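Data first, discussion second: the structure below is written as structure tokens.
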Amino acid sequence: MSIKKISKTQPEKFEFTPENFSEAENEIEKYPKEKKASAILALLHLVQKQNNNWIPLAGVKFVAKFLNVPYIKVYEIVTFYSMFNLSPVGKYFVQVCTTTPCMIRGANKLTDVCKKYISPKENELSENKLCSWTEVECLGACVNAPMMQINQDYFEDLDENKTTEIIKQLLNDKFPEPGSARNRKNNAPEEGKTTLLELEVKNA
Ligand code: FES
């Protein structure tokens, strides 16, 4: 299970760039005037994007003030969802799914590789500062378990060797090819389709 770590080093201030300010205004306009709080998630994503993929506490305060909602309301949200990072992450941010389907297919081997090559503890930067890793709950790709997400891409059908290869590439500042490590197309059976075969004929 992932542990939320709030950075000990925090900037004193946060405010949106003019571009993000108008982006935030656009988000707010999507909701009725008395429901501005509905834009909390969208604004937190903007803060994270602006601040190198992590949200400082000043950013949480800023969003609360911007939407005129209590600080605790934004704090509860930001500490609940695993997609929000509360401390700096690497240029390559590895999120290993350790929920049951991935766990029974060997997710612990993936976290062992992360511990060995990135950092013994999750949410810490690698020695060369390029990578960090964390455990997360189900990423919705259980049929391709075990899997991990790196930045915006999914890496699936992994084993210890393939994960080692991927992590070594990241540590050398190279982004590996995402997708199935066993060359499955999305989540299709490895031996080819077993159903909806008539569609294949029509589309051929
Ligand atoms: S359990 Fe890992 S993706 Fe769903």
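The values are calculated or read from the model by the stated rules, or taken from the named source; none is laboratory data. A quick note: this is a predicted structure, and the numbers were derived from the prediction, not measured. As a convention, Cβ positions derive from the backbone with ideal geometry for all residues, glycine included, and neighbour counts pool all protein chains shown.
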Which pairs have Cβ atoms under 7 Å, sit 6 or more apart or on different chains, and link a residue in the range 15-34 that is closer than 22 Å to Lys61 by Cβ to one that is assigned to a loop (DSSP other than H, G, I, E, B)? Ala24/Phe16
Could you check how many residues of the range 62-77 are touching a helix residue (DSSP H, G or I) at 6+ places or on another chain (Cβ under 6 Å) and either modelled with pLDDT under 95 or not aliphatic (A, V, I, L, M) (or both)? 2
Quick one: Ile104 ticks every box in (1) closer than 30 Å to Lys162 by Cβ; (2) surrounded by 15 or more Cβ atoms within 10 Å (Cβ to Cβ); (3) not hydroxyl-bearing (Ser, Thr, Tyr) bar one, so which box is it? (2)
Selection count, the range 32-80, where residues are closer than 14 Å to Thr17 by Cα and part of a loop (DSSP other than H, G, I, E, B): 2
Residue pairs meeting the criteria (Cβ under 6 Å; at least 6 apart or on separate chains; first in contact (Cβ under 8 Å) with a residue 12 or more places away in the chain, in the range 156-175; second assigned to a loop (DSSP other than H, G, I, E, B) and not hydrophobic (A, V, I, L, M, F, W, C)): Asp157/Arg182; Leu158/Pro146; Ile166/Pro176
Among the listed residues Cys142, Cys97, Cys131, Cys138, identify the single one that is out of contact with any Phe, Trp or Tyr (no Cβ under 7 Å at 6 or more places or on another chain) and crowded, with 20+ Cβ neighbours inside 10 Å. Cys97
